[in-house]
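The values are calculated or read from the model by the stated rules, or taken from the named source; none is laboratory data. The structure displayed is predicted, hence computed values, not measured ones. Virtual Cβ from ideal backbone geometry, glycine too; neighbours counted across all protein chains shown.
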Amino acid sequence: MSPLGAQANPASPEEIAHMKAGHKKIEGVVSEVQSGLYTVKTSTGSTLTLAESAAVRYGRDLPKVGDKMTLWVNEGNMVMDARPKGQPGKAPQFISGTLASIDNGHSQMTLSTSGGEKNFKLKPESRMFRDITLGSQVTIEVNDTGEVIDLHKDLK
């Protein structure tokens, strides 16, 4: 009898970064497109909704009904990243500092880092940052287009 060999495919840097941020990888199929919103039905039968503006903003082709998608979802069940299944992406970048300002009206924030104050664009459909007060120590997650897609208050 010979031993069985088993090997898993290694995770990409993008997958590792998303997992470190606490995101879940979910795959599904676009089941409906209506008024600029895309409904993706997952393998578990649940559905998630995406805005057309995200695909346009990232320079991606708009998904069609029947297209397979890979979604990264945060702990609040909000889609942080979406792309056609199998299309590689660039790993998000993580930056820590003190939250200096958030302007949801203009979708911008300022973070004070050891290298000085830096301004970032906020993902427009994201408004989950309201509960974090100015002056808090935070870590932001920035996607491949330079937008803040997630923000976490650092534990002391």
Inset, instruction - Inspect all residues belonging to region 84-103 and state whether any of them is of a type in the set (Phe, Trp, Tyr) and modelled with pLDDT of 80 or more. - result: yes
Inset, instruction - Provide a single number: the residues in region 92-107 that are surrounded by 14 or more Cβ atoms within 10 Å (Cβ to Cβ) and within 15 Å of Thr133 (Cα to Cα). - result: 5
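For every residue, the table says whether it meets (1) hydrophobic (A, V, I, L, M, F, W, C); (2) at pLDDT below 60; (3) over 28 Å from Gly66 (Cα atoms).
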position: Gly5; (1), (2), (3): no, yes, yes
position: Asn9; (1), (2), (3): no, yes, no
position: Ser12; (1), (2), (3): no, no, no
position: Ala21; (1), (2), (3): yes, no, yes
position: Thr39; (1), (2), (3): no, no, no
position: Ser46; (1), (2), (3): no, no, no
